[in-house]
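Okay, structure first, notes after.
The values are calculated or read from the model by the stated rules, or taken from the named source; none is laboratory data. What you see is a predicted model, and the numbers here were worked out from it, not measured in a lab. So basically every Cβ, Gly included, is an ideal-geometry build from the backbone, and we count neighbours across all protein chains shown.
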Amino acid sequence: MRFSFCSGARGWSRRDQMAAAVSGIVNPQSKEFICGAGKYRLVRKIGSGSFGDIYLGINISNGEEVAVKIESSKARHPQLLYESKVYKILQGGVGIPHIRWYGTERDFNILVMDLLGPSLEDLFNFCSRRFTMKTVLMLADQMIGRIEYVHVKNFIHRDIKPDNFLMGIGRHCNKLFLIDFGLAKKFRDSRTRAHIAYREDKNLTGTARYASINAHLGIEQSRRDDMEALGYVMMYFNRGQLPWQGLKAATKKQKYEKISEKKMSTPTEILCKGYPAEFSMYMNYCRGLRFDEAPDYMYLRQLFRILFRTLNHQYDYTFDWTILTQKAQNPNVGLGMPSHSGAKPAGNHG
């Protein structure tokens with residue numbers, strides 16, 4: 001996998017022109033649109049969220065690069081307005097992208113936000129689909145913190161997966177961001193603090209690979225489900241894949257059932273076999289939480305922080321991709337040297 005560095009706009013390919021023409025959001029000749037935040041040029045599609053596509057955009061007045069999420073206002077179930085409202089509530093949190101503008105132009109809902117770097121899924125592929133324990137533990141600390149912040153703001157994410165964690169760029173290159181709140185749900189009243197009611201017979205929301213067992217069983221999701229999903233993300237990074245990946249089935253429903261069966265029949269001790277006991281402890285703790293119980297985030301962070309120190313690692317923000325990027329830029333750089341350049345590969349935003 002090759003990453004480009006965020007040094008400026010890319011060329012406008014014929015495929016991009018066709019995509020833009022089909023979307024109707026820009027004129028393929030001008031590649032520009034105007035919104036309340038200014039005049040932007042769309043450069044290329046850089047990703048897809050749970051709802052809508054994400055483009056690299058450039059503010060024509062100052063050359064600043066942004067991410068532009070676009071959704072047809074005629075969509076059967078428009079979600080971008082809802083997502084923009086969730087982002088507004090979360091604004092100011094560490095690792096939450098800054099929203100520049102939301103509005104409707106022509107037949108499209110548009111959300112303009114800070115441009116971020118590659119997702120953890122991108123970086124996992126870049127690192128040949130295996131992270132070292134040091135990288136997993138440094139990420140775990142930030143991931144738990146991001147989810148805790150969302151929960152403190154009375155929301156659950158409901159789609160925790162590597163694609164929805166992105167590294168920042170520039171001076172934020174070591175900071176992890178959580179994105180894509182199209183499936184987020186308010187689990188608690190802001191004023192009364194009343195928790196949503198326990199329910200069953202719910203459809204699976206999120207991504208089956210990382211979904212909690214209770215989500216598979218049709219139980220209303222709560223904070224515990226985000227935390228369990230994160231446990232699967234960490235073991236995915238440790239192992240390279242999860243035991244329920246690659247299962248064949250005739251329909252999506254049957255595939256979800258197979259994933260659910262495999263997940264329920266795999267004890268955490270087997271899932272985490274060969275890795276520090278803290279991962280199994282994390283999984284068992286999350287699976288043991290009651291529906292409306294608040295996770296002990298500090299306990300979970302301390303599990304991994306103590307393990308990190310026991311393994312004599314230094315929290316120097318030298319991730320696996322930092323080393324690979326340094327080696328590509330300068331083969332003479334020592335493997336143990338942390339990056340001071342702030343340069344990071346830039347990839348998909350969503």
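If a residue counts only when it is under 20 Å from Leu80 (Cα atoms) and modelled with pLDDT of 90 or more, which strands (runs of 3 or more DSSP E) contained entirely in the range 16-69 have at least 1 such residues?
Here the list reads 38-48, 53-59.
Quick check: is even one residue across the range 165-179 among the polar types (S, T, N, Q) and surrounded by 15 or more Cβ atoms within 10 Å (Cβ to Cβ)?
Within the range 165-179 (the criterion being among the polar types (S, T, N, Q) and surrounded by 15 or more Cβ atoms within 10 Å (Cβ to Cβ)), the answer is yes, since at least one residue qualifies.
Take Gly240 and tell me if it is surrounded by fewer than 19 Cβ atoms within 10 Å (Cβ to Cβ), touching a residue at least 60 places away in the same chain (Cβ under 8 Å) and over 25 Å from Tyr149 (Cα atoms).
Yes; evaluated as a whole, the condition is true for this residue.
Step by step: first the residues of the range 94-107, then only those that are surrounded by 14 or more Cβ atoms within 10 Å (Cβ to Cβ) and under 15 Å from the mean Cα position of the chain (by Cα), then the one that is nearest to Leu176 (Cα to Cα). Which residue is that?
If we take residues in the range 94-107 being surrounded by 14 or more Cβ atoms within 10 Å (Cβ to Cβ) and under 15 Å from the mean Cα position of the chain (by Cα), then Gly95 is nearest to Leu176 (Cα to Cα).
Being modelled with pLDDT of 95 or more, under 19 Å from Phe131 (Cα atoms) and of a type in the set (S, T, N, Q) narrows it down to one residue among Asn238, Asn284; which is it? Steps first, answer last, please.
Details: Asn284 fails: under 19 Å from Phe131 (Cα atoms).
That would be Asn238, the only listed residue that is modelled with pLDDT of 95 or more, under 19 Å from Phe131 (Cα atoms) and of a type in the set (S, T, N, Q).
For the range 185-194, indicate whether the set of residues that are among the β-branched types (Val, Ile, Thr), without any contact (Cβ under 8 Å) to a residue 24 or more places away in the chain, in a loop (DSSP other than H, G, I, E, B) and surrounded by fewer than 16 Cβ atoms within 10 Å (Cβ to Cβ) is non-empty.
yes
Limited to the range 208-235, what total is found for residues that are assigned to a loop (DSSP other than H, G, I, E, B), within 15 Å of the chain's Cα centre (by Cα), crowded, with 19+ Cβ neighbours inside 10 Å and not hydrophobic (A, V, I, L, M, F, W, C)?
1
Look at Ile160 and say whether it is modelled with pLDDT under 95, hydrophobic (A, V, I, L, M, F, W, C) and surrounded by 22 or more Cβ atoms within 10 Å (Cβ to Cβ).
On the way: modelled with pLDDT under 95: no; hydrophobic (A, V, I, L, M, F, W, C): yes; surrounded by 22 or more Cβ atoms within 10 Å (Cβ to Cβ): yes.
Considered against the rule, which asks whether it is modelled with pLDDT under 95, hydrophobic (A, V, I, L, M, F, W, C) and surrounded by 22 or more Cβ atoms within 10 Å (Cβ to Cβ), Ile160 comes out as no.
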